[in-house]
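**Student:** Structure provided below as structure tokens; questions to follow.
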Amino acid sequence: MQYVLSRPLATTLYCDPASANARIVFEKMQTQFAAAPRDADLLWMRRGYTQALQDLAPHQAINHLPNERALIDKNDLARGLQSRPDTLPGAALPLADFYPQTFCLETEAEVEQFRAVVNAEPKGVPWIMKPADLSQGRGIKIFDQPEAVTAWLDQHKARRRQDRKASTFIAQRYLTNPLLLSHRKSEIRIYFLVLTLFPLRVLLCNEGTVRLNTLPFELGQWDNPLIHITNVYQQKKHPDYDPDAVLKWGFSDLEDHLVATGQAEPGFIAQQLRPKLKAILRHTLRAAQTVLTQPPPQGSCFALLGADIILDAALNPWLTEVQKGPGLSLDDAVKRAVLPAMLAEAIALAEEARFKTLNQQSMAKLQAQSNFEWVINDDSASTLSSDP
């Protein structure tokens, strides 16, 4: 699906030099750019935003949340999901139905707890070890033998003792029955917008991207990223990468394939998958809400985030992680068809929300809303019962 870009952006925008891909889109919106953050109404930044959050003027909004680590750090995400009380709204979706069994490995006690679980299982059960603070598939290891896991855990503990700043990890049960597209493992990236924190308002873009691996899937060769690590960066840097391999589909390509192969009926994404994705996001944001919704000293903030979802062979979605600055490069045809209008609408929604917040206007209807659907729309900061 090819989008039409949103209307011109009326608000003065500061876009830092590191946000080159975003600026390409904003330029097409006839945006008036500010030379410095202090001269802008909206700030879009990839670098230096921690200080910018502290320095916001009352009328400004920035594209980062003060405590976004609650979502994007894999340890923090796991802890939030695992500690969420079942009594909170939206808890009808059990965690075990959308989030693989996960262990945080920050402390030695946690490492030993995980070791005991692994040693009690039969051989051949794969676990994937992920650095909590890295992206692009970096540092990932997969093991399916208890002795290999034990050896890695010993090395991990030694690294942490020598360097307390070394990356911490999570251990996540590897999904052994992923949806295969042309016999290859796949993963989808969805994009969601945290529009405001007080009240909490979250929207999901109804388009996303599908990533495929280069080589056919098998339960083995765990150290081969062309089979198991569904990340374009990891695929392209591998010496055996095939430059002619198709690594990206749009949602329409996915649905066409599922219908053609008899795995789904027409309308599967809109009628079956998207409601499940919204339920997953609702559960995830509610789990992080107490930590997440801590405001900057003044001004306001929003965030465009990505979530990685693996569909299993039964087409059930499984959340694996959440990303900030979610892959906004325009280096392939699928991204060029999806991302510009998604990003343009996201920034237009942020502009409208900032204006309406300052002028105490209702957000029951947003003029910029076209390809985003509500996930959470709280009427007030103290109300948690208004999930769509």
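**Student:** For the list (1) buried (at least 16 other Cβ atoms within 10 Å of the Cβ); (2) part of a loop (DSSP other than H, G, I, E, B); (3) modelled with pLDDT of 90 or more, I need the number of the one condition that Ala171 fails.
**Tutor:** Evaluating Ala171 over (1) buried (at least 16 other Cβ atoms within 10 Å of the Cβ); (2) part of a loop (DSSP other than H, G, I, E, B); (3) modelled with pLDDT of 90 or more leaves (2) as the failure.
**Student:** If you go through the stretch 7-19 one residue at a time, do you hit one that is among the basic types (Lys, Arg) and touching a residue at least 24 places away in the same chain (Cβ under 8 Å)? Step through it out loud before you land on a result.
**Tutor:** Step one: list which residues in the stretch 7-19 are among the basic types (Lys, Arg), which gives 7.
Cutting the leftovers down to touching a residue at least 24 places away in the same chain (Cβ under 8 Å) gives us 7.
Scanning the stretch 7-19, I find at least one residue that is among the basic types (Lys, Arg) and touching a residue at least 24 places away in the same chain (Cβ under 8 Å), so the answer is yes.
**Student:** Looking only at the stretch 103-126, decide whether some residue is at pLDDT below 90, in a loop (DSSP other than H, G, I, E, B), open to solvent by 40 Å² or more (accessible area, probe 1.4 Å) and among the polar types (S, T, N, Q).
**Tutor:** Yes, some residue in the stretch 103-126 is at pLDDT below 90, in a loop (DSSP other than H, G, I, E, B), open to solvent by 40 Å² or more (accessible area, probe 1.4 Å) and among the polar types (S, T, N, Q).
**Student:** Among the residues of the stretch 13-47, count how many are among the β-branched types (Val, Ile, Thr) and more than 21 Å from Leu328 (Cα to Cα).
**Tutor:** Residues of the stretch 13-47 that are among the β-branched types (Val, Ile, Thr), as a first pass: 24-25, 31.
Now drop any that are not more than 21 Å from Leu328 (Cα to Cα), which leaves none.
The number of residues fulfilling the criteria is 0.
**Student:** Identify, from the list Ala96, Ala70, Ala78, the residue that is within 28 Å of Ile309 (Cβ to Cβ), open to solvent by 60 Å² or more (accessible area, probe 1.4 Å), of a type in the set (A, V, I, L, M) and in a helix (DSSP H, G or I).
**Tutor:** Numbers: Ala70 fails: open to solvent by 60 Å² or more (accessible area, probe 1.4 Å); Ala78 fails: open to solvent by 60 Å² or more (accessible area, probe 1.4 Å).
Criteria check complete, one pass: Ala96.
**Student:** Give me a count of the residues in the stretch 253-271 that are open to solvent by 60 Å² or more (accessible area, probe 1.4 Å), part of a helix (DSSP H, G or I) and not aliphatic (A, V, I, L, M).
**Tutor:** Matching residues across the stretch 253-271 total 3.
**Student:** A further question on this structure: Looking at the stretch 146-168, which of its residues are modelled with pLDDT of 90 or more and surrounded by 15 or more Cβ atoms within 10 Å (Cβ to Cβ)?
**Tutor:** Pro146, Ala148, Val149, Trp152, Leu153
**Student:** Scan the stretch 343-369 for residues that are among the small types (Gly, Ala, Ser) and surrounded by 15 or more Cβ atoms within 10 Å (Cβ to Cβ) and jot them down.
**Tutor:** Within the stretch 343-369, the subset among the small types (Gly, Ala, Ser) is 344, 346, 348, 350, 353, 362, 364, 368.
Result: Ala344, Ala346, Ala348, Ala350, Ala353, Ala368.
**Student:** Lys276 - would you say it is basic (Lys, Arg), open to solvent by 70 Å² or more (accessible area, probe 1.4 Å), farther than 19 Å from Leu328 by Cα and out of contact with any helix residue (DSSP H, G or I) (no Cβ under 6 Å at 6 or more places or on another chain)?
**Tutor:** yes
**Student:** I would also like to ask the following. Ile229 versus (1) buried (at least 18 other Cβ atoms within 10 Å of the Cβ); (2) closer than 19 Å to Ile128 by Cα; (3) in contact with a Phe, Trp or Tyr (Cβ under 7 Å, 6 or more places away or on another chain): which is the lone unmet condition?
**Tutor:** In the conditions (1) buried (at least 18 other Cβ atoms within 10 Å of the Cβ); (2) closer than 19 Å to Ile128 by Cα; (3) in contact with a Phe, Trp or Tyr (Cβ under 7 Å, 6 or more places away or on another chain), Ile229 misses (3) alone.
**Student:** List pairs: first in the stretch 122-142 and closer than 15 Å to His228 by Cα and in contact (Cβ under 8 Å) with a residue 24 or more places away in the chain, second small (Gly, Ala, Ser) and buried (at least 18 other Cβ atoms within 10 Å of the Cβ), Cβ under 7 Å, 6+ apart or cross-chain?
**Tutor:** Trp127/Ala171; Met129/Ala171
**Student:** Could I ask something else about it? Part of a loop (DSSP other than H, G, I, E, B) and buried (at least 17 other Cβ atoms within 10 Å of the Cβ), is that true of Leu65? Break it down into steps so the answer makes sense when it comes.
**Tutor:** On the way: part of a loop (DSSP other than H, G, I, E, B): yes; buried (at least 17 other Cβ atoms within 10 Å of the Cβ): yes.
Considered against the rule, which asks whether it is part of a loop (DSSP other than H, G, I, E, B) and buried (at least 17 other Cβ atoms within 10 Å of the Cβ), Leu65 comes out as yes.
**Student:** Contact list please: Cβ distance under 9 Å, first residue in the stretch 354-367 and at positive phi and in contact (Cβ under 8 Å) with a residue 24 or more places away in the chain, second residue part of a helix (DSSP H, G or I) and open to solvent by 100 Å² or more (accessible area, probe 1.4 Å), pairs at least six apart or on different chains.
**Tutor:** Nothing qualifies.
**Student:** Further, regarding this structure: Go through the stretch 241-289 and give me each residue that's of a type in the set (Lys, Arg) and over 25 Å from Ile229 (Cβ atoms).
**Tutor:** Taking the stretch 241-289 and keeping what is of a type in the set (Lys, Arg), we get 248, 274, 276, 278, 282, 286.
Across the stretch 241-289, the qualifying residues are Arg274, Lys278, Arg282, Arg286.
Here is a yes/no grid of residues against (1) under 24 Å from Leu330 (Cβ atoms); (2) part of a loop (DSSP other than H, G, I, E, B); (3) open to solvent by 20 Å² or more (accessible area, probe 1.4 Å):
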residue: Ser186; (1), (2), (3): yes, no, no
residue: Ile190; (1), (2), (3): yes, no, no
residue: Leu193; (1), (2), (3): yes, no, no
residue: Phe198; (1), (2), (3): no, yes, yes
residue: Val202; (1), (2), (3): no, no, no
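Here's the yes/no breakdown for (1) of a type outside the set (Phe, Trp, Tyr); (2) closer than 24 Å to Ile72 by Cα:
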site	(1), (2)
Val194	yes, yes
Phe198	no, yes
Glu207	yes, yes
Leu212	yes, yes
Gly220	yes, no
His228	yes, yes
Ala245	yes, no
Lys276	yes, yes
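**Student:** Among the residues of the stretch 26-68, which ones are at pLDDT 95 or above, of a type in the set (Gly, Ala, Ser) and within 22 Å of the chain's Cα centre (by Cα)?
**Tutor:** Ala61
**Student:** Going through the stretch 41-62 one residue at a time, which ones are open to solvent by less than 30 Å² (accessible area, probe 1.4 Å) and either in contact (Cβ under 8 Å) with a residue 60 or more places away in the chain or in contact with a Ser or Thr (Cβ under 8 Å, 6 or more places away or on another chain) (or both)? It would help to see each step written out before you state the result.
**Tutor:** In the first step, residues of the stretch 41-62 are kept if they are open to solvent by less than 30 Å² (accessible area, probe 1.4 Å); the result is 42-45, 52-53, 56-57, 60-62.
Answer for the stretch 41-62, where residues must be open to solvent by less than 30 Å² (accessible area, probe 1.4 Å) and either in contact (Cβ under 8 Å) with a residue 60 or more places away in the chain or in contact with a Ser or Thr (Cβ under 8 Å, 6 or more places away or on another chain) (or both): Leu42, Trp44, Met45, Leu53, Leu56, Ala57, Gln60, Ala61, Ile62.
The values are calculated or read from the model by the stated rules, or taken from the named source; none is laboratory data. Here the structure is a predicted model, which means the values were calculated and not measured. Neighbour counts run over all protein chains shown; Cβ positions are idealised from the backbone, glycine included. The area values use the complete protein model at the heavy-atom level, side chains included, leaving out ligands, DNA and RNA. Shrake-Rupley method; radii C 1.70, N 1.55, O 1.52, S 1.80 Å.
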